[in-house]
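Accompanying notes for the structure given below.
The values are calculated or read from the model by the stated rules, or taken from the named source; none is laboratory data. Here the structure is a predicted model, which means the values were calculated and not measured. Methodologically, a virtual Cβ is constructed for each residue, glycine included, from the backbone with ideal geometry; neighbour enumeration extends over all protein chains shown. Quick note on the areas: whole protein, heavy atoms, side chains included, nothing else; ligands and nucleic acids left out. Shrake-Rupley method; radii C 1.70, N 1.55, O 1.52, S 1.80 Å.
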Amino acid sequence: MKASIVSILLGFGMFVAQAQNISYAKQVIAKLCSQDFAGRGYVNEGDKKAANFIREEFTQLKLAPLGERYFQYFGFPVVSYPQRVFFNADGNDLIPGEDFIINPGCPTVSGTFKVIRLDSAMVDNNNEYNKWFKKNLKSYFLIVDALKGKKFVNQERADAILKNQVNAKGLIFDNQERLVWSVAMDFEPFPIIYVKKELLGRLILKVKLNIDATRTVHGTQNVLGFIKGSVQPDSFIVVSAHYDHLGMMGLETIFPGANDNASGIAMMLDLAKHYKENPPLMSVVFIGFAAEEVGLIGSLFFTENPLIPLKKISLVVNLDLMATGDKGLTAVNGTVYPELFNLLQNCNAIGNYLPEVSARGKAMNSDHYHFSEKGIPALFFYLRGEYHQYHDVGDTHKAITLSKYNEAFGLIRDFVNARMKLYN
Ligand SMILES: [Zn+2]
């Protein structure tokens, strides 16, 4: 088995031109992360602009369209913040995204509120507890130290307070190490705000908040095109990446999502360019998924409304977080498909691409998931390295290095080629 793979790969190595194009990838990432695309979410039509851009690239590459002119439409409810997200503590404005973030399902809230800082006496001392929590707290925000907030003697009581069963106006978790945002489909029952380390003093007295939340049914689209296989046109390899990100939190704060996942879209488009120039043996379908961050909705919709027969898909390669690679690549579902993972490792060894290729089990953490749940071999590849910007305002196209982009491209191309060859 191994030997035959080796000879196949050596054969490819000799004849396939190196076609990865890191400068093209950088252009794509810069474009997708630009202000105009508004974080590819639910403010200023960010995700629509990104979908149009990918469709334009597919058109330029002359990929064959799937769906309606490359689009597959669907909709879902989503909470967004196209207007004010303002937070002032004792007269000091905090910077959204840098000093604080709101819970992604934070409902509208406006006004000035008194605050109480939760301490252990308030939870564990009965007199203190009764003094604070038997009164009406509707005009109060409760401040909880995120580092200390979970260490109480009466943990049951503490849990009830942290779920706001005491009916305060809302909760503020301060002393956060990192501010990590996401997207919600529905509102939380009360406002929750997260504040970075040491920004609120111990003796804070009041907060002023203006947060305008909306919830709408949002129409969006997966973007799909394909290149017909030269030998087995009715068998398919899917190369996917999600193009959506978190959008904006208020009028100015953009989450650019360079690593997550402009980098994956760039590599997917680069692979499409490559296979246009080097016609594949099987048909290769390229899918830019929408609505991944809100709960893998684009890929769920596609697997339930497939535009190609699911049974004819021999492999899904899903790319998400492709901007690093100094520490190697992880294949989610690698332990579920040991033969595929072996093939991947062999490709890496022969091409001498990345320092490590490791396998993980099943995880519902990107768009491969709904494919493998339906019995289609699907792997999710992400690159690992010293890069800690994740779901935050710092994940910008300037922050990423694409340090192992060429190597990762070579590995994925060889792996897809080897898989197609083995199927013959
Ligand atoms: Zn992602």
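Quick check for you: with a 1.4 Å probe and neighbouring chains kept, what is the accessible area per residue of segment 85-211, in Å²?
I get 50 Å² per residue for segment 85-211.
Can you tell me which of 403-415, 230-242 comes out highest on packing, and rank the rest after it, using the mean Cβ neighbours within 10 Å?
Going from most to least packed, we get 403-415, 230-242.
Near the amide H of Leu281, under 5 Å away, which other amide H atoms are found, from residues 5 or more places off or on another chain, if H is placed in the peptide plane?
Ser230
Assuming R0 = 56 Å, can you tell me the calculated FRET efficiency for the pair Asn406 and Glu156, based on Cβ-Cβ distance, to the nearest 0.05?
0.55
Expressed in nm to one decimal, what extension gain is obtained for the pair Lys163 and Tyr73 from 0.36 nm per residue of sequence separation less their Cα-Cα distance?
Full-extension gain reported as 28.7 nm.
What whole number of Å gives the distance from the Cα centroid of segment 275-341 to the Cα centroid of segment 224-262?
Here the two parts' Cα centres lie 10 Å apart.
Starting from the Cα-Cα distance between His388 and Ile308, subtract it from 0.36 nm times their residue separation and give me the gain in nm to one decimal.
Extending this stretch completely gives an extra 25.1 nm.
Once R0 is set to 56 Å, what does the formula 1/(1 + (r/R0)^6) return for the Cβ-Cβ distance between Lys197 and Lys228, expressed as a FRET efficiency to the nearest 0.05?
Using R0 = 56 Å, I get an efficiency of 0.55.
Residue by residue, what Karplus-based ³J(HN,Hα) values in Hz, rounded to whole numbers, does segment 175-185 have, using 6.51, -1.76 and 1.60 with θ = phi - 60° and x for Gly and Pro?
Using θ = phi - 60°, the values come out as 6, 6, 5, 9, 10, 10, 9, 8, 10, 10, 8 Hz.
Take the Cβ-Cβ distance between Ala146 and Ser34 as r, set R0 to 25 Å, and report the resulting FRET efficiency rounded to the nearest 0.05.
With R0 = 25 Å, the Cβ-Cβ based efficiency is 0.15.
What is the projected area of the convex hull of the Cα atoms of the chain, averaged over all directions, in nm²?
Result: 21.1 nm².
Given 0.36 nm per residue, what is the gain on full extension from Asp212 to Glu252 after removing their alpha carbon distance, in nm?
Roughly 13.0 nm would be gained on extension.
Within segment 146-294, what whole-number % of the accessible surface is contributed by carbon and sulfur, with the 1.4 Å probe and all protein chains included in the calculation?
For segment 146-294, the apolar C and S fraction of the accessible surface comes to 51 percent.
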